[in-house]
1. Can you name the residue in the stretch 398-422 that is within 21 Å of the chain's Cα centre (by Cα) and within 20 Å of Ala281 (Cα to Cα) and is also farthest from the ligand (Cβ to nearest atom) among such residues?
2. Taking Gly505 and the conditions (1) outside any loop (DSSP other than H, G, I, E, B); (2) modelled with pLDDT under 95, which numbered condition does it fall short on, given that it satisfies the others?
3. Can you tell me how many residues in the stretch 141-150 are part of a loop (DSSP other than H, G, I, E, B) and either within 16 Å of the ligand (Cβ to nearest atom) or farther than 17 Å from Arg55 by Cα (or both)?
4. Count, please, the residues in the stretch 167-183 that happen to be within 15 Å of the ligand (Cβ to nearest atom) and either surrounded by fewer than 24 Cβ atoms within 10 Å (Cβ to Cβ) or of a type in the set (Gly, Ala, Ser) (or both).
5. Show the residue pairs meeting these rules: Cβ distance below 9 Å; 6+ apart or different chains; first residue within the stretch 221-234 and acidic (Asp, Glu); second residue part of a loop (DSSP other than H, G, I, E, B) and crowded, with 22+ Cβ neighbours inside 10 Å.
6. What tally of residues in the stretch 182-232 results from selecting those that are touching a Cys at 6+ places or on another chain (Cβ under 9 Å), part of a loop (DSSP other than H, G, I, E, B) and among the aliphatic types (A, V, I, L, M)?
7. If you take the residues of the stretch 458-495 that are hydrophobic (A, V, I, L, M, F, W, C) and without any contact (Cβ under 8 Å) to a residue 60 or more places away in the chain, which of them is surrounded by the fewest Cβ atoms within 10 Å (Cβ to Cβ)?
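The values are calculated or read from the model by the stated rules, or taken from the named source; none is laboratory data. It should be emphasised that the depicted structure is a prediction, and the values quoted were computed from it without experimental measurement. Backbone-built Cβ (ideal geometry, glycine too); neighbour counts: all protein chains shown.
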Amino acid sequence: MLPVRDDALAILNRLGVPDSAFSDKGLAARSPITGEVIATVRETAPEEATAAVGRAHAAFSEWRKVPAPRRGELVRLLGEELRESKDDLGRLVTLEAGKIISEGLGEVQEMIDICDYAVGLSRQLFGLTIATERPDHRMMETWHPLGVCGVISAFNFPVAVWSWNAALALVCGDPVVWKPSEKTTLTALATAAIFKRAADRFGGVPDGLHEVLIGGRAVGEVLVEDRRVPVVSATGSTAMGRQVGPKLAGRFARAILELGGNNAAIVAPSADLDLALRGIAFAAMGTAGQRCTTLRRLFVHESVYDALLPKLRKAWSSVKVGDPREPGVLVGPLIDKAAHDAMERALGEARAAGGEITGGVREHAEAFPEAHYVAPALVEMPAHAGPVLRETFAPILYVMRYSTFEEAVAMQNAVGAGLSSSLFTLDMREAERFISVEGSDCGIANVNIGPSGAEIGGAFGGEKETGGGREAGSDSWKAYMRRATNTINYGTTLPLAQGVTFDIGD
Ligand code: NAD
């Protein structure tokens, strides 16, 4: 296996990231696999960010006039380039975000999927024709491009989140200005290089159609505050959303907020326990607990608790933690020390509250002193309280007993976040109640699969402190366009609506 740094630099070179993207005094790009610095990346100064928004704003005047199916052709080419670069970009996701190889590749597959979806969508951006009460009139709605779309993304889906937004925004006629996480700049630069190849093949793409801003919060704020950006899709913690949301509201910009989750699953008396075990294990331990949809709270019916828990403890104790490039490893590293500290804090609180912990200890500290590998923690809690009520972005699964379905649903809904949820049951009445109005209050409610691992055809997002935004499939595209209602009079008289008369005489 190549050393991490050599591996990453070779990929960046193959993908065509220019030397000008790097600078000795730039932002350190680290690999969580070893903790080493791979490269230092040139940061975007605030005035450069403003200039980039200006270029994107100018590009809008041209791009909005390109017919939507033609815009779809650019996204089709992007999908082709992503297919071509899937192995390299997927591996770079592994090297920079620490995901296991299949999840790194899966992230790129998700980018390809949304490109395919957006290409079809580019011929389906339609509005309604609506019955009008006035004779010789026609009423309809038209969808127009909205303007520059700002994208702020988190470290844990360093490139897929960009594609969910960019593929849709581009076919909708909106230029994109992307502020990736400061922790995953290399995958962003690689993605920008891939996009550039697609744009070059397309030919005649206006300058500024796609801009990338490298840096932290300060450069993100430039994007949020610029009046020439009418829609900002911001993915990250609820704390970030609390800062970004009011600023966007203050200037009446559209916000697509995709924030933190504290997702739950319920295991009912009738559940298929082997299927539940597999669903729970992937949702709680996959991506080292660093998905917004990671399963963090598990409510197990008291009648099956003693049957399920030994299976969970066994899975938690036997899962292989380590270098995500190695075959057989299912849990890679945490992103950084801050994530590890937060995990330790939460486990300390859980222990003080009477929680019984399986796992949760640091591993490979001698081999990788600068990296943070932890065994996933399974915590049997006496009550739904304390650290259970907040999102700790690490692999901790809190387990609690319940006795009635209503009690389980009430606990599930009793947290700030409202992203994803699931129920394991073979009782169709319970299943239907769970997804009904009196069931889960989340944006995603599943039955007999875990809460994580969504596909792009559905609208993705959550309620309450998750921010209410929706991305990817269904009618999420509407957030990137503006709707105009048009009434056309093809008659010779002017009847007013609601029977109003306004006779100004001859
Ligand atoms: P984070 O909130 O630390 O950062 C996310 C992004 O926001 C980064 O690019 C950061 O630079 C930027 N940012 C932070 N403050 C800002 C501000 N005031 N103005 C403008 N930009 C600002 O999140 P993270 O640690 O990278 O990611 C983990 C979090 O993201 C978790 O809470 C997770 O649940 C959430 N997440 C949510 C979704 C979703 O779709 N709901 C998806 C992935 C991650």
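1. Only one residue tops the list, namely Ser422.
2. (1)
3. The number of residues fulfilling the criteria is 1.
4. Qualifying residue count, the stretch 167-183: 3.
5. So the pair list comes out as Asp226/Val148.
6. Matching residues across the stretch 182-232 total 1.
7. Result: Leu494.
Every residue, every condition in (1) of a type outside the set (Val, Ile, Thr); (2) away from the ligand (no atom under 13 Å from the Cβ); (3) assigned to a strand (DSSP E or B), yes or no:
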position: Ala234; (1), (2), (3): yes, no, yes
position: Ala239; (1), (2), (3): yes, no, no
position: Lys247; (1), (2), (3): yes, no, no
position: Leu277; (1), (2), (3): yes, yes, no
position: Val300; (1), (2), (3): no, yes, yes
